[in-house]
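Inspection log for the structure reproduced underneath, given as structure tokens.
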Amino acid sequence: MRSTPLTDRSPPVSPTPIHQRQWLVGGKLRRWDGPVREVFSPVLTGGVPTALGSFPLLGEPEAHEALSAAAVAWGKGRGVWPTMTVAARIGCVERFLSLMIAVRERVVETLAWEIGKSRPDSEKEFDRTVAYVRDTLAAVKELDRAGSRFQQVDGIVAQVRRAPLGVTLCMGPFNYPLNETFTTLIPALVMGNPVIVKPAKYGVLLLEPLLAPFAEAFPSGVVNTIYGQGKTVVSPLVASGGIDVLAFIGTSRAADTIRRDHPKPHRMRCVLGLEAKNVAIVTPSAELDAAVRECLAGSLAFNGQRCTALKLLAVARPVFARFTEALAAAVDRLVVGSPWTKGVGVTPLPEPDAPERMAALVADAVAKGARVLNTRAGRIDATTFFPAVVGPVAPGMRLWHEEQFGPVVPIAVWDDIEEPLRWVRDADHGQQASIFSRDSEEVAVLIDGLANQVCRVNLNSQCQRGPDVFPFTGRKDSAEGTLSVSDALRAFSIRSMAGAKDTPENRAILGDIVLSHRSSFLSTDWLF
Ligand code: G3H
């Protein structure tokens, strides 16, 4: 692997440092004078990571304070937040959203600096999050309307509504530190669950401009933030038994460790987005140019740091040479730069050990018989790794089964269509797959072979999460629970009902409650 000369890697301006000394607890921004963690951008200035600021490294007592504040807001289900009307909760989220939009530029710019995401993709992450919040509010109205009626079944008259679950710990990932955090945070909140947010290791400061909006828009204790080592600030909270819902995006190993800390794990609902190893199956009938385009974007958008990225390309032998040659050439044409470089395709990696990790994966495959297929593959500087296309990969190589979560594209070759189907069946992951083919008979066989192994099969396109009305989930080690705009509302709530024998007396009681608006649960009010 060779190093590549660089053209434009410099950001247009220096970042405005954020030295965050506050954390949000009990509706107040509290001052922190204890230890902090310095934050450096993977974007280099003068050859070294650019200093971006620092954030609090809280201790166990502060974590417990956040939990107590959330527990008060929950009030064992009788607190201010779970008993507030859905309309009032929506009002709080709408207020927050308008304040969030006002700080868009600061969030987007910090996002680009902190995790090296290109400026256009950082903007996209912000804007799609705003759209997700709006769609969630529309969906919660729909859900509330559906619950605003009585059902009469087999002599029982009842009202069934979705009710909140309790204190929710939201832990987002570094690759979508805003979007993926908010796709659990907002549904959890709007369904009536107070929340404690623990940002990922990278991508913390971008949330700082949102602390004051959270404090202003929500009642005390409804949104709280914690920062620091998982062992110090997460384990004790879970071990206390006070976390009712865990929303976690990360590795299954970390999720299992967190869950094990709970004294009664069955009591903690888990909504998990975990690792994936999505396979693209390219058949001899594929339109190769289009397949190469989709596989390029699918494998290497944001340097391959997407859970939905294509992480193994399985290519039929008759088209293997043509496909790999075209893909390798397309990869070599990618522009290296900073998040602000025009047309950038390769940016610095936020995890300091990522370039070494990528190199080790490639070296392992090469030692076991694979070749590096593109000329620019390899390390560029301390934080950037030019994507490596590696093949043919085979069982026994780390790239075969490990999620690389970075700029390495492993390609395998197959002779019989049953082979890639077997690989997917035998894998530990089960999120999505892609098929590239123009033969409807073949496509039907592949869809049927994949649909019970993964949770989304993409025809002639890369894997992806959106549009967010579609279910986003996975089997095996890839997920627990389903997220989409409407599924997330279900994930963070449970159906609860009040019912009675359908007698004239009971009907009179129920009718009186509804007409006098004495209950917030038993209500036929229509949410406009
Ligand atoms: O990293 C996982 C993301 O949710 C993937 O979203 O497919 O839109 O990039 P995306």
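Points to keep in mind about this one:
- Among I435, I447, the ranking by other beta carbons within 10 Å of each residue's beta carbon, starting with the fewest, stands as I447, I435.
- Pairwise label distance in nanometres, K264 with R371, each label 7 Å out on the Cα-Cβ vector: 6.2
- Burial ranking of peptide ranges 332-340, 160-168 (average Cβ count within 10 Å, highest at the top): 160-168, 332-340
- Subtracting the Cα-Cα distance of E441 and K342 from 0.36 nm times their residue separation leaves 31.4 nm of extension gain.
- Amide H contacts under 5 Å for R37: F55, L57, restricted to partners 5 or more places along the chain or on a different chain, H placed in the peptide plane at 1.01 Å from N.
- When peptides 115-125, 381-391, 186-196 are sorted by average Cβ neighbour count within 10 Å, with the highest value leading, the order is 186-196, 381-391, 115-125.
- Along segment 126-135 the Karplus relation, 6.51 cos²θ - 1.76 cosθ + 1.60 evaluated at θ = phi - 60°, assigns HN-Hα couplings of 5, 5, 6, 5, 4, 4, 4, 5, 4, 5 Hz to successive residues, with x for each Gly and Pro.
- When +1 charges are put on Lys and Arg Cβ atoms and -1 charges on Asp and Glu Cβ atoms, the dipole computed for segment 459-520 relative to its Cα centre reaches about 80 debye.
- Distant-in-sequence amide H partners of E275 (H built 1.01 Å from N, under 5 Å): S252
- Here the Karplus curve 6.51 cos²θ - 1.76 cosθ + 1.60, taken at θ = phi - 60°, turns the phi angles of segment 491-499 into couplings of 4, 9, 7, 9, 6, 10, 9, 10, x Hz, with x standing for Gly and Pro.
- Couplings for segment 371-381, taken from phi via the Karplus curve 6.51 cos²θ - 1.76 cosθ + 1.60 with θ = phi - 60°, read 10, 7, 9, 10, 7, 8, 3, x, 6, 10, 7 Hz in order; Gly and Pro are left as x.
- Dipole of the chain, positive end: most advanced residue of V279, N506, V157 [Cβ charges, Cα centre]: N506
- Mean Cβ count within 10 Å, highest first, over the residues of peptides 469-478, 237-246: 237-246, 469-478
- Annotation: for a label point projected 7 angstrom from Cα along Cα→Cβ of N452, residues of segment 471-502 with backbone N closer than 18 Å are 474-477.
- The chain: radius of gyration over Cα atoms, expressed as a fraction of 2.2 N^0.38 Å: 1.04
- With a cut-off of 13 Å on the backbone N, the residues of segment 463-485 near the modelled label site 7 Å out from D428 along Cα-Cβ are 476-479.
- Calculated mean residue ellipticity at 222 nm for the chain: -11500 deg cm²/dmol, from DSSP H runs with n ≥ 4 weighted as -39500 (n - 2.57), summed, divided by the residue count and rounded to 500.
- The residue list P392, A316, V344 was ranked by how far each Cα lies along the charge dipole of segment 278-467 toward its positive end, using unit charges on Cβ atoms, and V344 comes out on top.
- Efficiency of FRET between T232 and E287 - r from beta-carbon atoms, R0 56 angstrom, step 0.05: 0.60
- Placing a label point 7 Å from the Cα of Q152 along the Cα-to-Cβ direction, the residues of segment 509-527 with a backbone N closer than 15 Å are 509-512.
- More than 21 angstrom apart: percent of Cα pairs within segment 278-467: 45
- For D353 and H401, the FRET efficiency from 1/(1 + (r/R0)^6), where r spans their Cβ atoms and R0 equals 30 Å, is about 0.90.
Each reported figure results from applying straightforward, stated rules to the coordinates on display, with no laboratory input. Keep in mind that what you see is a predicted model, and the values were worked out from it rather than measured. Don't worry about glycine lacking a Cβ; one is built from the backbone with ideal geometry, like all the others, and counts go over all protein chains shown.
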